[in-house]
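Enquirer: Quick one: structure below, then a few questions.
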Amino acid sequence: MKSRREVPERLTALAVLQSRVPARHEQRGRIRQDCRNRLAGYAGEKRADFFMAEARMRERPIVLRDVELPGVMTPIQTDTLILHPAFILVLEIKNIAGELFFDELSGQFYRMQSGKREGMRNPEDQLNRAIAALENHFASIGIPLPVEGAIVMASYKSVLQRAPITQPVITVDRLPVHLENLEKAGCLTLDRPQLIKMRDSLLVNRKKPHDKYLNWYGLAKADIMTGVRCPGCFVIGMQRGRGQWICNLCGVISKDAHLATLQEYRLLLGEMIFSNEVRWFLGLDNLAMAMRIINDYGIYNGHFKRNRAFALPQERFRLESYVHHLLYKST
């Protein structure tokens with residue numbers, strides 16, 4: 001179970017946005033808070049991955065992460081889905097500190113922290129929706145079966161004061177034992193071809209890039225700060241000279257720092273970029289230099305003669321070091 005969890009696209013977009021929107025902008029605070037929440041969720045999911053890898057099971061499961069399922073009105077996203085010959089399990093992972101309460105009468109979920117009560121989305125309801133969507137989906141491909149669920153508390157600073165009725169809640173350390181017990185008690189007898197069929201049917205529904213993150217916050221292109229991000233200190237504003245990028249803040253020198261910055265453009269503003277936009281976003285004075293850079297990296301569209309258009313390849317992995325930098329700062 002050592003498959004790798006990618007940094008979610010939405011988290012990457014928020015990480016880029018919160019550093020490229022000026023501090024005085026009215027949406028900056030909201031973006032930063034949304035980014036912090038997403039970072040906490042991602043940290044909890046990575047912690048759960050670590051403990052899942054310790055489970056000692058006879059059969060090797062297929063683990064899918066961040067799978068989007070077709071819902072009745074809107075898509076339903078699952079944190080982690082485990083396809084095992086003896087069981088199918090959905091995990092709803094929560095990295096929340098404080099005293100936690102599931103109120104079955106009202107259907108509310110809230111926490112008490114520092115004397116304050118804060119309502120949140122109910123993970124029990126989220127999990128039940130995911131289970132129903134999965135059972136419907138598997139029945140539609142000719143494999144009707146029951147799906148298990150569990151809510152995983154990934155924060156050591158959380159205390160469960162009132163548990164839900166319909167789904168079990170386990171701490172992240174207990175995850176290996178929970179998986180081992182499910183294997184022993186599981187009533188399914190799925191073979192490998194069936195598991196692969198189920199996996200492939202779900203991967204078809206993988207989320208497509210939105211490229212509308214500016215719209216979520218009412219941002220315009222003019223609100224975005226431009227410049228090349230330093231791969232050392234991650235501050236924007238590297239200078240170009242003699243075929244390389246130089247950071248005046250930390251002294252890092254890089255020949256290809258612009259590649260990650262162009263991926264930031266792709267994430268926020270779309271796959272296509274014009275040559276004058278390359279000069280603008282990288283903070284270059286010279287259009288000829290911008291043309292040399294994009295000719296080596298982008299795919300020429302060929303539809304325009306003067307202001308040429310290029311397609312940027314999808315290489316979001318170039319932004320993962322920046323997101324992990326923020327993750328380590330937040331812990």
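Enquirer: Return the residue satisfying two criteria in turn: it lies in region 134-158 and is more than 21 Å from the chain's Cα centre (by Cα) and part of a helix (DSSP H, G or I), and of such residues it is farthest from PRO168 (Cα to Cα).
Expert: SER140
Enquirer: On to the next question. All but one of (1) among the aliphatic types (A, V, I, L, M); (2) in contact with a His (Cβ under 9 Å, 6 or more places away or on another chain); (3) over 21 Å from ALA23 (Cβ atoms) hold for ALA290; state the number of the condition that does not hold.
Expert: (2)
Enquirer: In a loop (DSSP other than H, G, I, E, B) and over 25 Å from ILE62 (Cβ atoms) - does that describe any residue in region 195-211? Show your work before the answer.
Expert: Just the residues of region 195-211 that are in a loop (DSSP other than H, G, I, E, B), to begin with: 204-211.
Next cut, over 25 Å from ILE62 (Cβ atoms) only: 210-211.
Scanning region 195-211, I find at least one residue that is in a loop (DSSP other than H, G, I, E, B) and over 25 Å from ILE62 (Cβ atoms), so the answer is yes.
Enquirer: Evaluate the following for ALA290: is it buried (at least 17 other Cβ atoms within 10 Å of the Cβ), closer than 30 Å to HIS25 by Cα and either under 29 Å from the mean Cα position of the chain (by Cα) or not small (Gly, Ala, Ser) (or both)?
Expert: Details: buried (at least 17 other Cβ atoms within 10 Å of the Cβ): yes; closer than 30 Å to HIS25 by Cα: yes; either under 29 Å from the mean Cα position of the chain (by Cα) or not small (Gly, Ala, Ser) (or both): no.
Against the criterion (buried (at least 17 other Cβ atoms within 10 Å of the Cβ), closer than 30 Å to HIS25 by Cα and either under 29 Å from the mean Cα position of the chain (by Cα) or not small (Gly, Ala, Ser) (or both)), ALA290 does not qualify.
Enquirer: Please list, ordered by first then second residue, the pairs with beta carbon atoms under 6 Å, 6 or more apart or interchain, first in region 125-145 and under 24 Å from ARG192 (Cβ atoms), second of a type in the set (Ser, Thr, Tyr) and assigned to a helix (DSSP H, G or I).
Expert: Close Cβ pairs satisfying both conditions: ILE141/SER201.
Enquirer: For THR78, which of the numbered conditions (1) modelled with pLDDT under 95; (2) surrounded by fewer than 18 Cβ atoms within 10 Å (Cβ to Cβ) fails to hold?
Expert: That leaves (2) as the condition not met.
Enquirer: Sticking with this one: Could you please tell me which pairs satisfy a Cβ distance under 8 Å, a separation of 6+ or placement on different chains, a first residue in region 34-59 that is under 13 Å from ALA154 (Cα atoms), and a second residue that is assigned to a helix (DSSP H, G or I) and among the acidic types (Asp, Glu)?
Expert: Note: pairs meeting the criteria are PHE51/ASP173.
Enquirer: Filter region 120-149 down to residues that are among the hydrophobic types (A, V, I, L, M, F, W, C) and either touching a strand residue (DSSP E or B) at 6+ places or on another chain (Cβ under 6 Å) or outside the structural domain of THR166 (by TED's automatic domain parsing) (or both), then give me how many there are. Outline the logic, then answer.
Expert: Narrowing region 120-149 to residues among the hydrophobic types (A, V, I, L, M, F, W, C): 120, 127, 130-134, 138-139, 141, 143, 145, 147.
Among the residues that remain, those that are also either touching a strand residue (DSSP E or B) at 6+ places or on another chain (Cβ under 6 Å) or outside the structural domain of THR166 (by TED's automatic domain parsing) (or both) are: 120, 127, 130-131, 133, 147.
Counting residues in region 120-149 that are among the hydrophobic types (A, V, I, L, M, F, W, C) and either touching a strand residue (DSSP E or B) at 6+ places or on another chain (Cβ under 6 Å) or outside the structural domain of THR166 (by TED's automatic domain parsing) (or both) gives 6.
Enquirer: Where residues in region 160-175 are assigned to a helix (DSSP H, G or I) and surrounded by 18 or more Cβ atoms within 10 Å (Cβ to Cβ), which of them is farthest from the chain's Cα centre (by Cα)?
Expert: Within region 160-175, the first condition is being assigned to a helix (DSSP H, G or I), and the residues that meet it are 172-175.
Next, from what is left, pick out any that are surrounded by 18 or more Cβ atoms within 10 Å (Cβ to Cβ): 172, 175.
Values: VAL172: 19, LEU175: 21 Å.
Taking the candidates together, the pick is LEU175.
Enquirer: Kindly indicate whether GLU26 is touching a strand residue (DSSP E or B) at 6+ places or on another chain (Cβ under 9 Å), surrounded by fewer than 16 Cβ atoms within 10 Å (Cβ to Cβ) and part of a loop (DSSP other than H, G, I, E, B). Even if it seems obvious, please write down each step before you answer.
Expert: On the way: touching a strand residue (DSSP E or B) at 6+ places or on another chain (Cβ under 9 Å): no; surrounded by fewer than 16 Cβ atoms within 10 Å (Cβ to Cβ): yes; part of a loop (DSSP other than H, G, I, E, B): yes.
Here the answer is no, as GLU26 does not meet what is asked.
Enquirer: Scan region 239-277 residue by residue and report those that are in contact (Cβ under 8 Å) with a residue 40 or more places away in the chain and over 13 Å from LEU319 (Cα atoms).
Expert: ARG240, LEU269, GLY270, GLU271, MET272
Enquirer: A follow-up question, please. Can you work out which of the residues in region 224-248 that are at pLDDT below 95 and farther than 15 Å from GLY283 by Cβ is surrounded by the fewest Cβ atoms within 10 Å (Cβ to Cβ)?
Expert: ARG242
The values are calculated or read from the model by the stated rules, or taken from the named source; none is laboratory data. Here the structure is a predicted model, which means the values were calculated and not measured. Cβ sites come from the backbone with ideal geometry, for glycine too, and all protein chains shown count toward neighbours.
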